[in-house]
1. For residues that are hydroxyl-bearing (S, T, Y) and open to solvent by less than 30 Å² (accessible area, probe 1.4 Å), scanning just segment 147-188, find the one that is farthest from Q220 (Cα to Cα).
2. Looking at this structure, is K233 at pLDDT 90 or above and either in contact with a strand residue (DSSP E or B) (Cβ under 7 Å, 6 or more places away or on another chain) or outside any strand (DSSP E or B) (or both)?
3. List, please: which pairs have Cβ atoms under 6 Å, are six or more places apart or on different chains, and start with a residue in segment 264-275 that is closer than 18 Å to A385 by Cα and open to solvent by less than 90 Å² (accessible area, probe 1.4 Å) and end with one that is of a type in the set (A, V, I, L, M) and assigned to a helix (DSSP H, G or I)?
4. Please identify the pairs in which a residue from segment 14-31 that is under 16 Å from A119 (Cβ atoms) has its Cβ atom under 6 Å from the Cβ atom of a residue that is among the small types (G, A, S) and part of a loop (DSSP other than H, G, I, E, B), counting only partners at least 6 apart or on another chain.
5. Restricting the search to segment 289-304, which residues are closer than 19 Å to L175 by Cβ and more than 15 Å from the chain's Cα centre (by Cα)?
6. Of all the residues that make up segment 113-153, how many are assigned to a helix (DSSP H, G or I) and basic (K, R)?
7. Scan segment 82-92 and tell me whether some residue there is of a type in the set (A, V, I, L, M), open to solvent by less than 70 Å² (accessible area, probe 1.4 Å), within 26 Å of P145 (Cβ to Cβ) and at pLDDT below 80.
Amino acid sequence: MASELSKDWVSILKRNHALTRENVRRALKNCADEHQRLALQTELERLNAKQPNTAAKAAKAAKGFGTRNQRMPISPEHRFFVEHLPYKPYCTNDLTTGLQVRPAQQALTHAYLQFNSPAMVWTLVQDIDHDVDRDYFMRHKAPKPNRVVKNPDNGHGHALYFLAAGVCRTDAGRLKPLRYLAAVESALCRQLEADPGFAGLVTKNPLHPSWETLVVHDHQYSLAELAEPLDLKSAANEKSYRDAGLGRNVTAFDAVRLWAYSAIRDFWGPGGFDRWHKAVSAKVAEVNCQFPAPLPFSELKAIAKSIAGWTWRNMTPAGLHELIERTHTPELQSLRGKKATNQARIAFLGGVASGQARRKASLEASKSIRAMARLMRAQGMSYRAIEEALGVRRATLHRWLNLCLTNRPISDNSRFWEPERSAGHPK
């Protein structure tokens with residue numbers, strides 16, 4: 001992801017509707033930049049100053065949810081759920097007729113609605129196709145949900161778990177918390193004998209009169225609290241979480257980002273980002289087709305935007321060349337070779353053939369950069385602009401562009417092309 005110095009933590013938290021005292025304190029612990037720490041400390045003081053004003057908070061709650069001219073009264077037990085809804089969630093009264101996008105105030109009048117935004121996860125939902133009562137969760141030795149929204153006709157329901165700190169699903173967040181959350185969701189699904197094919201997009205609306213809503217408690221869980229009674233390390237959980245629920249986000253992200261690291265080389269050049277973004281979006285859609293319950297388009301768009309933007313900023317020709325040089329030093333190759341136990345593994349890790357592997361990797365990187373330089377020059381860019389974009393010296397750039405006119409292929413034993421000698425040129 002972006003470096004620490006380029007992160008504006010306050011803006012990130014505001015953009016993801018996660019500007020709470022707990023999240024600001026967590027950012028302070030992980031922030032090393034003094035300027036950012038000062039901004040976070042100022043924001044924390046502002047939030048602390050607002051906290052004692054309970055009268056204003058109660059007055060705002062009494063007004064309800066919605067616009068100034070038309071507000072919907074929201075009871076205190078549903079305030080957390082309502083405050084963390086997407087701005088315009090999917091909603092419907094009949095799942096067979098499809099979903100509609102409506103403002104949150106209108107969506108709350110429907111029987112089903114989207115409970116998490118593509119950017120943040122604040123609520124976990126489990127679809128239980130059994131008769132759910134208050135003792136159901138004790139019998140299954142699982143954490144008690146905050147709310148249970150039941151169908152009064154058959155007793156089936158949705159169990160809602162509220163999170164104390166939301167988990168970000170965009171490029172502003174980290175992948176490890178999302179992996180952790182996906183593993184917790186999968187283990188919770190197996191523990192409760194819930195439906196593993198539940199798409200996790202819409203839930204029964206706890207405010208709708210069609211359902212019976214049980215208010216169990218108001219404690220907001222941390223991921224560690226949810227994981228404590230669950231077995232996250234079992235082989236069954238590791239295998240099952242990848243194709244359902246939040247695991248689909250992790251699986252799609254991993255598959256496409258690994259593909260993107262090498263595929264981006266075909267799109268380097270001025271004006272190539274639009275083509276690159278379209279290619280990443282197509283790859284994400286291709287991976288999504290493999291899931292039994294595909295991800296919605298809004299989440300696919302968020303995944304593609306994250307991967308395309310990060311790789312375009314970080315996987316540059318000069319950056320790739322530097323990465324190869326840094327990760328294929330003789331010392332590292334020697335250590336990799338010592339860890340191998342057979343000749344095939346040694347050759348794969350580059351132990352015995354470390355010099356050959358290093359030369360081959362360097363040659364591939366050099367070819368990519370030379371091709372990029374020729375493309376930029378053909379598009380009319382100046383030598384100075386190409387030099388700054390690729391991070392190469394002027395003499396090297398002139399040699400690449402002048403020698404490419406000879407059409408002489410590069411030798412595997414030389415780092416750069418050598419000029420053709422004329423017939424009368426002395427050796």
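The values are calculated or read from the model by the stated rules, or taken from the named source; none is laboratory data. Keep in mind that this is a model prediction, so the values were computed, not measured. Cβ coordinates were reconstructed from backbone atoms using ideal geometry, including for glycine residues, and neighbour counts include every protein chain displayed. Only protein heavy atoms, including side chains, enter the accessible area calculation; ligands, DNA and RNA are left aside. Shrake-Rupley method; radii C 1.70, N 1.55, O 1.52, S 1.80 Å.
1. In this case the residue turns out to be S186.
2. no
3. Note: pairs meeting the criteria are W268/M372; G269/L375.
4. Pairs found: N16/A119.
5. F291
6. 1
7. Checked segment 82-92: no residue is of a type in the set (A, V, I, L, M), open to solvent by less than 70 Å² (accessible area, probe 1.4 Å), within 26 Å of P145 (Cβ to Cβ) and at pLDDT below 80.
A quick yes/no check of all residues on (1) modelled with pLDDT of 90 or more; (2) open to solvent by less than 40 Å² (accessible area, probe 1.4 Å); (3) polar (S, T, N, Q):
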| site | (1), (2), (3) |
| --- | --- |
| L95 | no, no, no |
| P103 | yes, no, no |
| T123 | yes, yes, yes |
| I128 | yes, yes, no |
